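Let me begin by presenting the structure, written as structure tokens, before commenting on it.
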Amino acid sequence: MNTTNESRKRIPVGDLRGALPKLAVLLALLAALLAWSGVRQWREARLLEQVGQARDRAVEAVQASHAAHIRQFEQRLASAPVKAALAANDTAAAVAALKDGWAGVEHVEILDGALQAAYENAATFGFSKLALLEDGMQGDGVAARVVKDGKQTAFGMAASAPQGVIYVRLPLTQLTQAFDGVALPGGGYLALRQGSYSITQRGNSGLEDGAERMARAVGKTGLRVATAVPVSEPGPLGLGAIPAMIVAALLAGLTVVSVLVARGGIRMGGLGKKGAEVSDTDEPTLGEALLREPPPPPAGGTRTAPKDEYTQAEAKAVEVDPGIFRAYDIRGIVGQTLSVEVAELIGLAIGSVMRDEDLTDIVVGRDGRLSGPDLVGGLIEGLRKAGRNVIDIGLAPTPVAYFAAYHLRTGSSVAVTGSHNPPDYNGFKIVVGGQTLSGDAITDLYERIRDNRLFVANARGDLQQRDVSADYIQRIADDVQLERPLKVVVDAGNGVAGDIAPQLLEAIGAEVIPLYCDVDGTFPNHHPDPSEPHNLEDLIQTVKRFDADIGLAFDGDGDRLGVVTKEGAIIFPDRLLMLFAADVLERNPGALIIFDVKCTGKLQGWVLRHGGTPMMWKTGHSLIKAKMRETGAELAGEMSGHFFFQERWYGFDDGLYSAARLLEILANRAETPSEVLAELPDGVSTPEIKVAVDEGTPHAIVERFVDGAEFEGARLSTIDGLRADWDDGWGLVRASNTTPILVLRFEADNREALERIKTEFRTRLQALAPELTMTF
């Protein structure tokens with residue numbers, strides 16, 4: 001018999017039994033840890049469910065209360081005494097009839113429709129109250145919202161009347177008592193919010209910063225209920241509640257068996273009295289099996305990955321639409337092509353790319369869309385599974401997320417935003433290692449998901465919350481200060497810029513009048529897209545009402561800028577780029593200035609005359625940024641309103657910073673802002689013209705247009721679609737990379753030349769695609 005068998009036969013039973021108590025203690029500790037983890041996770045899941053139910057009950061209660069107050073107001077407006085008083089132009093009698101028997105009403109008044117006194121002292125009157133009255137006059141029904149009325153916060157309602165507008169003020173408790181009556185389990189947090197303002201809140205206030213992730217809109221009231229629970233960490237080895245409890249039960253069973261064996265309650269096969277030998281013909285006993293060393297891994301075989309390595313993600317049955325992976329970013333419709341599960345896979349894909357590039361930290365921010373919190377939650381989960389450390393900056397414009405990547409030295413960021421698209425859209429603008437992903441890099445993310453080239457770290461990444469808004473404002477205010485104050489109307493279109501733009505511009509010395517600056521992901525007033533002239537109508541009227549120096553508009557995520565003068569003129573972004581270029585070239589002679597194919601033909605000559613080097617390039621924020629890095633350009637701009645400053649800034653597109661630089665230039669000039677802007681070369685031009693086409697066809701149509709293009713006397717450029725430049729004007733057609741449309745623009749020295757160029761393009765396009773409806 002060999003020595004191995006000999007040694008095996010000489011193991012004393014006492015030694016085996018002596019080791020078992022230590023093993024039993026270890027097994028008991030592991031069982032207790034996993035049992036505690038399972039119970040903790042079960043309680044946290046139960047709390048999450050209960051708080052979610054409380055949120056839903058609060059939404060229903062507030063919506064019912066809100067609707068009841070509006071119905072009561074409508075019924076009183078339709079009553080005979082009120083109608084008779086209004087018809088007789090007896091406002092005092094109308095007010096008395098409205099108040100008669102209305103329990104809780106604090107104040108009723110009828111104001112002249114011009115609201116002249118209110119606009120003359122809007123800050124004292126209250127911007128929110130003023131906005132409510134305007135809504136009441138413009139709509140067919142009753143407008144309602146929480147307003148600041150004097151020194152108190154109240155629930156206000158307004159409706160149009162022959163004399164102007166009727167305003168009713170109720171105590172805030174009339175709205176919030178339904179919310180306060182909803183039972184909230186201990187440890188949770190619940191808040192009723194309007195825009196960025198918390199009207200009332202309950203529970204653990206330390207959770208308020210993360211409450212938007214579970215927020216739900218209260219119908220179309222502009223209110224929402226936000227809620228949160230403490231962050232739940234996964235169990236040991238990533239086990240959930242039920243698996244942890246099952247493993248704990250198994251370990252507890254092994255503990256009991258080990259104790260019984262150690263005490264002799266269970267005889268070990270082949271063992272007799274103390275000191276007996278072990279039979280070489282028996283199978284290993286339980287005691288022997290527990291004490292044996294695990295065998296070494298076979299050569300070339302699999303092994304458990306150490307903590308700093310990765311395993312491939314388990315394939316998930318989640319359908320991911322390749323169509324959401326666009327040229328510049330990821331963008332889709334929530335509930336159709338975007339979901340929390342898709343966001344998690346995108347987070348895993350981004351994290352996998354970062355792992356390949358040895359990058360560990362990333363910033364995540366979001367705009368004000370209602371779907372944002374859920375998608376951010378999924379994205380962060382995927383990033384952390386990939387071992388990335390996430391810094392969640394919460395509600396923030398896209399350029400603030402870009403700034404945070406520099407400021408916090410992560411080099412990477414994701415802005416969850418639908419930009420200027422409708423409320424049901426959302427998406428992801430991604431920076432990895434200082435480069436905005438576009439084109440093939442965006443496609444690679446989809447291919448990683450499709451091919452399951454996703455990797456899960458053995459150790460999850462960290463998560464921390466950080467607010468960088470104050471740092472962003474301070475960084476700009478330290479560099480930009482106005483030589484003289486300017487009165488500015490800021491229209492954020494209820495986008496995320498409304499939370500920070502007024503603060504920033506006031507910090508550099510401007511007097512700011514906010515318009516639609518309450519963050520509301522339903523965009524109740526107008527779409528947040530300043531490239532569409534009709535979206536600037538309210539801004540134009542407000543600038544005139546307040547006799548402001550200028551009006552500024554931002555898109556939904558704050559990376560684009562629109563401008564109107566006090567006379568109501570819209571200053572297109574390509575003309576603004578002229579002003580920026582002249583300023584930059586004063587300090588940087590010969591600098592390269594990049595502009596996209598949609599910009600005015602007068603821009604090239606302007607840059608040359610001011611000592612710069614002009615370059616026309618493809619449309620798209622990520623493509624422009626890549627070209628700036630490649631060429632070292634100091635400034636770039638697009639007709640869409642994206643401006644990119646490398647001089648004194650970081651080179652990313654930033655509507656907020658661009659607004660600060662614009663006001664700096666205007667405040668340094670002796671002329672009025674309108675006079676400065678009027679001096680910029682101008683011609684007869686169109687805004688961007690959009691022609692709808694079938695999904696997936698824009699590029700094919702433009703390719704056919706380019707192939708058959710013959711424009712006599714024109715210089716043709718095909719770097720992005722086709723642009724034809726004549727001596728007296730130019731025209732462009734290109735395929736949008738974000739939506740199924742053709743984008744066209746025209747400019748000429750006079751109206752006749754403009755119509756000639758439009759006709760040339762329209763005729764050729766109709767011949768090529770007669771099914772299209774021409775909008776020019």
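The values are calculated or read from the model by the stated rules, or taken from the named source; none is laboratory data. Keep in mind that what you see is a predicted model, and the values were worked out from it rather than measured. Positions of Cβ are backbone-derived with ideal geometry, glycine not excepted, and every protein chain shown enters the neighbour counts. Note: areas computed on protein heavy atoms with side chains; ligands, DNA, RNA excluded. Shrake-Rupley method; radii C 1.70, N 1.55, O 1.52, S 1.80 Å.
Details
- Size of electric dipole in the chain: Cβ of Lys, Arg +1 and of Asp, Glu -1, about Cα centre, debye, nearest 20: 3100
- Ranked order, K566, K151 - accessible area, probe 1.4 Å, largest first: K151, K566
- Label selected from (1) 0.98; (2) 1.08; (3) 1.20, the criterion being Cα Rg over 2.2 N^0.38 Å as computed here: (3)
- Placing a pseudo-label 7 Å from each Cα along the Cα-to-Cβ vector at A80 and A45 gives an inter-label distance of 6.3 nm.
- For T542, the solvent-accessible surface with a 1.4 Å probe is about 20 Å², rounded to the nearest 10.
- In terms of accessible area, using a 1.4 Å probe and ignoring ligands and nucleic acids, K129, K148, K618 rank largest first as K148, K618, K129.
- Alpha carbon centroid spacing (whole Å) that separates the range 694-712 from the range 418-473: 33
- Surface accessible to a 1.4 Å probe, R326 within the full protein complex, Å²: 50
- Here the simple spin-label model places points 7 Å from the Cα toward Cβ, and for L772 and A67 these points are separated by 4.5 nm.
- For the chain, the longest principal axis of the Cα atoms and the long axis of helix 751-768 meet at an angle of about 40 degrees.
- E679-D467 FRET efficiency (beta carbon distance; Förster radius 56 Å; 0.05 resolution): 0.85
- Value at 222 nm in deg cm²/dmol, rounded to 500, when DSSP H runs of n ≥ 4 in the chain each add -39,500 (n - 2.57): -12500 deg cm²/dmol
- In nm, spacing of pseudo-spin labels at R629 and K220 (7 Å Cα→C-beta vector): 4.4
- Enclosed volume per residue, in Å³, of the convex hull spanned by Cα atoms of the range 397-519: 146
- Gain upon complete extension [E755, E120; 0.36 nm per residue less C-alpha separation]: 224.2 nm
- Karplus-based coupling profile of the range 705-717, in residue order and whole Hz: 5, 5, 4, x, 6, 9, 10, 5, x, 9, 8, 9, 10, with θ = phi - 60° in 6.51 cos²θ - 1.76 cosθ + 1.60 and x standing for Gly or Pro.
- Of the accessible area of the chain, computed with a 1.4 Å probe over protein heavy atoms only, carbon and sulfur atoms account for 51 percent.
- Taking the Cα centre of the range 144-230 as reference, the dipole from Cβ charges on Lys and Arg (+1) and Asp and Glu (-1) amounts to some 200 debye.
- Calculated FRET value between H534 and A692, using beta carbons and R₀ = 22 Å, to 0.05: 0.80
- Nearest 10 degrees, 0 to 90: helix 440-450 Cα axis against the chain principal axis: 40
- Shape analysis of the range 134-215 yields a ratio of the Cα radius of gyration to the Kirkwood radius, Rg/Rh, of 1.08.
- C-alpha long axis of helix 127-138 to longest principal axis of the chain, angle in °: 70
- Note on H107: accessible area approximately 60 square angstrom, rounded to 10, probe 1.4 Å, nucleic acids and ligands left out.
- Relative contact order of the chain, defined on C-alpha pairs under 8 angstrom at six or more residues apart (%): 9
- With all protein chains kept in place, the per residue accessible area of the chain amounts to 43 square angstrom at a probe of 1.4 angstrom.
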